[in-house]
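The values are calculated or read from the model by the stated rules, or taken from the named source; none is laboratory data. Remember, predicted model here, so these are calculated numbers, not experimental data. Cβ placement follows ideal geometry from the backbone for every residue including glycine, while neighbour counts extend to all protein chains displayed.
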């Protein structure tokens, strides 16, 4: 059952399912012709990066406190454009629907949309570009 965006254990989401999601998703990212090269150019140690991403999603969805980083800082200077965010989200949505129960998938997708908007706005700001949120459902 979902309560205030926190996934409860009854949804079947745990560290193992987050790990499966993250690893499946980034296997696909690496093979993607649009966003794969950007990741390949930036990441030297995939095992370490995947561990960070598992901790990040554990923190975002299960509120474990496992991730203490500042991901925005790492992304601000990357050569990424709106099409890269769209592709990242499309791959993420597909993977989430394949690996998570529907109730949990909706929460992961909501968080991913919000994160993409935040990163896209932050990058636009650094570049002096005016951007609007494009992904998160707004009330």
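With respect to the stated conditions, residue 79 is under 18 Å from residue 39 (Cα atoms) and exposed (fewer than 13 other Cβ atoms within 10 Å of the Cβ).
Take residues that are within 11 Å of the chain's Cα centre (by Cα) and closer than 22 Å to residue 16 by Cα and tell me which of the helices (runs of 4 or more DSSP H) falling wholly in region 28-139 contain 3 or more.
Numbers: elements: 36-42, 46-57, 71-75, 82-99, 102-126.
Filter on region 28-139 gives 46-57, 82-99, 102-126.
Using the structure shown, decide if residue 84 is crowded, with 17+ Cβ neighbours inside 10 Å, modelled with pLDDT of 90 or more and in contact with a helix residue (DSSP H, G or I) (Cβ under 7 Å, 6 or more places away or on another chain). Judged against the criteria, residue 84 is a match. Inspect region 3-18 for any residue being within 30 Å of residue 128 (Cα to Cα) and either assigned to a helix (DSSP H, G or I) or over 14 Å from the mean Cα position of the chain (by Cα) (or both) and give the result as yes or no. Scanning region 3-18 turns up no residue that is within 30 Å of residue 128 (Cα to Cα) and either assigned to a helix (DSSP H, G or I) or over 14 Å from the mean Cα position of the chain (by Cα) (or both).
Quick one: would you say residue 129 is loosely packed, with under 12 Cβ neighbours inside 10 Å, more than 21 Å from residue 12 (Cβ to Cβ) and at pLDDT 95 or above? No. Within region 107-126, the only residue that satisfies the criterion of being over 23 Å from residue 36 (Cα atoms) and free of Cβ contacts under 8 Å to residues at least 24 places away in the same chain is 125. Within region 93-122, the set of residues being touching a helix residue (DSSP H, G or I) at 6+ places or on another chain (Cβ under 7 Å) and farther than 18 Å from residue 56 by Cβ comprises 97, 101, 103. Entry remark, region 7-19: residues being modelled with pLDDT of 55 or more, surrounded by fewer than 16 Cβ atoms within 10 Å (Cβ to Cβ) and at negative phi number 5 in total.
Against the conditions (1) touching a helix residue (DSSP H, G or I) at 6+ places or on another chain (Cβ under 8 Å); (2) at pLDDT 95 or above, residue 90 satisfies every one except (1).
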